[in-house]
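Q: Take this structure, written in C-alpha cells, and hold onto it; I'll ask about it next.
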Amino acid sequence: MVRALYVGRFQPFHKGHLEAVKSILSECGEVVVAIGSSQKSHEPDNLFTAGERVEMAYESLKEAGLADRCLIVCVPDVNYNALWVRHVSVLSPRFDVVYSNNSLVATLFREAGAKVKQLKAARRKEFDGTHVRGLMLRGGEWEKLLPPAAARVALKAKAASRLREVVKGDKI
C-alpha cells in the first residue's frame, strides 16, 4: 500500500485541505497529515495550538469517513532547512510519496531523494488560511470555508476573539 505525506500548518484546517486529502487518497492507500510549526500558536499567522489543529483535522476526516486511512503527526520547526526532511521523517510514519505545492518543501524532499507530487488546488484564493484568518479578524463568514467539524473546534476555541486579541498592537 502506498502511503503519502501531506505537510501543512493547517491554520486552520479548511475545506481546501480536506479536498487535498481526498485527492491524495484517490491515488494512495493512506496519508500522513503532518502538522508543521506545531510549537506555534496564539500568533496572527499561527492562531491555533497543535492540539486544536489535530482535533480540526481528525474530526473533519472522521466526519468525511476518511479517518481510518489517515495518520496525524505534529512536526515542530527545526529552523534548519538542510536538516528539515530528516526531522520530518523521524517524526512521521514511513511514507512513499510527498504531496505539496510549496516549492521549498518540494525542493527539500526531492533533494533528499523522495518522490514528490503536486496537489490539485481547489479554489486556492478562497481556501487559504490567510484569507480565513482575515475574515475572522473582520467579522466575515469564515466558518463556511471550514469543514463543519473544524468550524466547531474553531468556534469552541473562540478563534475569532483570540485573533483579535493577539493582533492588538501588531501591524497586519
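Q: Residues to consider are PHE109, PHE95; find the one that is more than 25 Å from SER161 (Cα to Cα), out of contact with any Pro (no Cβ under 6 Å at 6 or more places or on another chain), modelled with pLDDT of 95 or more and part of a helix (DSSP H, G or I). Steps first, answer last, please.
A: On the way: PHE95 fails: part of a helix (DSSP H, G or I).
After applying the criteria, what remains is PHE109.
Q: Looking at ALA34, ALA57 in this structure, which one is within 21 Å of LYS120 (Cβ to Cβ) and assigned to a strand (DSSP E or B)? Please lay out each step first, then the result.
A: Working: ALA57 fails: assigned to a strand (DSSP E or B).
One residue alone meets the criteria, ALA34.
Q: Would you mention how many residues in the stretch 12-26 are assigned to a helix (DSSP H, G or I), under 23 Å from ALA157 (Cβ atoms) and touching a Lys or Arg at 6+ places or on another chain (Cβ under 7 Å)?
A: Of the residues in the stretch 12-26, 1 are assigned to a helix (DSSP H, G or I), under 23 Å from ALA157 (Cβ atoms) and touching a Lys or Arg at 6+ places or on another chain (Cβ under 7 Å).
Q: Could you list all residues from the stretch 51-96 that are touching a residue at least 60 places away in the same chain (Cβ under 8 Å), in contact with a Leu (Cβ under 7 Å, 6 or more places away or on another chain) and over 23 Å from ALA157 (Cα atoms)?
A: Within the stretch 51-96, SER92, PRO93, PHE95 qualify.
Q: Determine the pairs where a residue that is more than 16 Å from GLU55 (Cβ to Cβ), located within the stretch 134-162, has a partner that is among the charged types (D, E, K, R) and outside any helix (DSSP H, G or I) with Cβ atoms under 8 Å apart, the partner being 6 or more residues away or on another chain.
A: LEU135/GLU141; LEU145/GLU126
Q: Would you confirm whether or not the stretch 156-167 contains a residue that is under 23 Å from VAL21 (Cβ atoms), touching a Leu at 6+ places or on another chain (Cβ under 7 Å) and at pLDDT 95 or above? Give the derivation first.
A: Narrowing the stretch 156-167 to residues under 23 Å from VAL21 (Cβ atoms): 156-157, 159.
Then drop every residue that is not touching a Leu at 6+ places or on another chain (Cβ under 7 Å), which leaves 159.
In the following step, the residues that additionally are at pLDDT 95 or above were identified as 159.
Yes.
Q: Can you tell me which residues in the stretch 63-92 are part of a loop (DSSP other than H, G, I, E, B) and acidic (Asp, Glu)? Break it down stepwise before answering.
A: Step one: of the stretch 63-92, the residues part of a loop (DSSP other than H, G, I, E, B) are 64-66, 76-80, 92.
Scanning the stretch 63-92 gives a single hit, ASP77.
Q: Quickly run through the stretch 15-50 and pick out the residues that are surrounded by fewer than 21 Cβ atoms within 10 Å (Cβ to Cβ), farther than 20 Å from ASN101 by Cβ and in contact with a Pro (Cβ under 8 Å, 6 or more places away or on another chain).
A: Passing the criteria: only GLN39.
The values are calculated or read from the model by the stated rules, or taken from the named source; none is laboratory data. Keep in mind the model is a prediction, meaning the values are calculated, not measured. All Cβ positions, glycine included, derive from the backbone under ideal geometry; neighbour counts span all protein chains shown.
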